[in-house]
Amino acid sequence: MVGRLWSTASHPPAHPFPQLSSSVLSHEGPAPAQVIPLGLDDLADCLTLDHLALGGLWTEEQWRVELGEPRRPVVGWRHPRADLGGLLALASGWLVVDELHITAVAVHPDHRRLGLGRCVLNALLTTARKAGAELATLEVSSANGPARGLYASLGLSLIHISEPTRPRLI
């Protein structure tokens, strides 16, 4: 899927971070949940979420590279109360010239369909726009209807369908 990001001359949506389900935000805590840039200090949490949500897509060393490279932004939705799950969603990508290639979007299985994926993806797209990206691309399985619906709702369009004969890492 591919989508053109708005330029700095155009107007972004009034609310780039949509409202989340009240069931996630209704917990009392010391501070509200937040989307933050992730770094090497978040390695263990990224590995855990990757394992739970993506079946262990990347190794520890791959996550270390993703989290340590400035042109590979990673953002996460973290609740400050560890008993509410800590890192519940993340989105990552590679910035290449004026393009963002989205490499991963993960939401904790117990917290799906609450708007967390949309929230981290919007944050990643905003980060990319600020870095000069004008185009966003990603690959998604044709069988992943919920993800395809999310991406389409954010303005990404299907440009090609291919079903690999073997699993691949992007």
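Derivation of every value follows stated rules applied to the coordinates shown; laboratory data play no part. Since this is a predicted model, take the numbers as computed values, not measurements. Neighbour counts run over all protein chains shown; Cβ positions are idealised from the backbone, glycine included.
Run through region 73-139 and list the GluC sites (Glu not before Pro) located in a DSSP loop whose Cβ has at most 13 other Cβ atoms within 10 Å.
Glu139
For region 80-151, what is Rg from Cα atoms divided by 2.2 N^0.38 Å, rounded to two decimals?
Here the Cα radius of gyration is 1.18 times the empirical estimate.
How large is log10 I(q)/I(0) at q = 0.09, 0.12, 0.16 Å⁻¹ when the Debye formula is applied to the Cα atoms of region 31-155, each weighted equally and without solvent?
-0.22, -0.40, -0.74
Assuming 1.306 mPa s and 10 °C, estimate D for region 117-161 with Stokes-Einstein, Rh taken as the Kirkwood radius over Cα pairs, in µm²/s.
In µm²/s, the coefficient is 140.
Within region 101-151, report the trypsin sites (Lys or Arg not before Pro) that DSSP leaves as loop and that have at most 16 other Cβ atoms within 10 Å.
The qualifying sites are Arg112, Arg113.
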